[in-house]
Amino acid sequence: MERWHSVSVLSDIRPGEVAGVRIDGHEVVLWREDTPAASLHAWEDRCPHRGMRLSFGFVRGDAMGCLYHGWQFGAAGRCRLIPAHPQVRVPASIHVRAYGVREHAGLAWVNMEGTDGFPVHATHWPDDVQPVRSVHVRRGATQLRQAIGLEAVDGMAWRGSVGLAVHEPVAGQAMLHVVCARSGEPAPTPVALSHWASRLRDAVESGNPTATIMGELA
Ligand code: FES
């Protein structure tokens, strides 16, 4: 099913950095160009040469390099350099599968099926947002969404200036992303929010009520 997944807080993927993430069990590499534009990309985490994970690779300017034999891939995923044969004109058929990616509300959003239909509710989310933290929760996304009062699978729950999103990398495991709008209602400090997220995780994993913890944000 086509939908946008909130895979990471943006502070975890700075210019020149590479990160491996999972979406419904699929391996995805997230990388950001080391250029003034610093565009973000989301690709299948598999080199078309011998299948090496690209998330083990490196960024060179606006290209992603594979660690194994150094093949380099441009922004659209097409291979543009084979170091062992630098004179070879690389066929267009050699490319990595690229996914839709958006940066919004302090989060990286990935759509494995296309680039359309960004969550309609996203227009109501603040733009000037500080990413705080992602927390791994050893419970499924449905349970975590219920704990934070989030109904839409591709939505965010906002409590004052604090925004929460849930991602399920694999069944039974979830990531809670915490961000904070820079303007608007006063919010806890990032350090306090980080501790708050840990307490919420502990409550969800223990099966304890979360209403009191959530109430701290209201
Ligand atoms: S496996 Fe990636 S360049 Fe060979």
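Just so you know, all these numbers are worked out from the coordinates, no wet-lab data involved. Only a predicted model underlies this, so the values are computations on that prediction, with no experimental measurement involved. Here the Cβ positions follow ideal geometry from the backbone for every residue, glycine too, while neighbour counts run over all protein chains shown.
Key figures
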item: Computed magnitude of the charge dipole of the stretch 4-99 (debye, nearest 20; Cβ of K, R +1, Cβ of D, E -1); result: 340 debye
item: Computed FRET value (nearest 0.05) for H49 with E185, which takes r as the C-beta separation and R₀ as 41 Å; result: 0.20
item: The stretch 176-194 residues near the modelled F118 label - backbone nitrogen below 20 Å, point 7 Å along Cα→Cβ; result: 177-183
item: For the chain: Kirkwood Rh in Å [reciprocal of mean 1/r, alpha carbons]; result: 18.3 Å
item: Cβ charges +1 (Lys, Arg) and -1 (Asp, Glu), total dipole of the chain, debye; result: 600 debye
item: Ratio Rg/Rh, restricted to the stretch 16-65 and using Cα atoms, in which Rh is the Kirkwood radius; result: 0.98
item: As computed over the stretch 123-215, the Cα convex hull volume per residue (Å³); result: 90 Å³
item: Residue-averaged [θ]222 nm for the chain, counting only DSSP H segments that reach four residues, each worth -39500 (n - 2.57); result: -4000 deg cm²/dmol
item: Gaussian network model of the chain, Cα within-10 Å springs - most flexible of V162, V101, V191; result: V191
item: Computed lengthening from E205 to D62, 0.36 nm per intervening residue step minus Cα-Cα distance; result: 47.4 nm
item: Isotropic mean projected area of the C-alpha convex hull, the stretch 4-99 (nm²); result: 6.2 nm²
item: Acute angle (nearest 10 degrees) that the helix 190-206 long axis makes with the longest principal axis of the chain, alpha-carbon atoms; result: 80 degrees
item: Under 17 Å from the V90 label point (7 Å along Cα→beta-carbon), backbone N, the stretch 39-59; result: 41-59
item: The stretch 132-176 pair-distance distribution - Cα-Cα, 10 Å bins, rounded %; result: 31, 60, 9
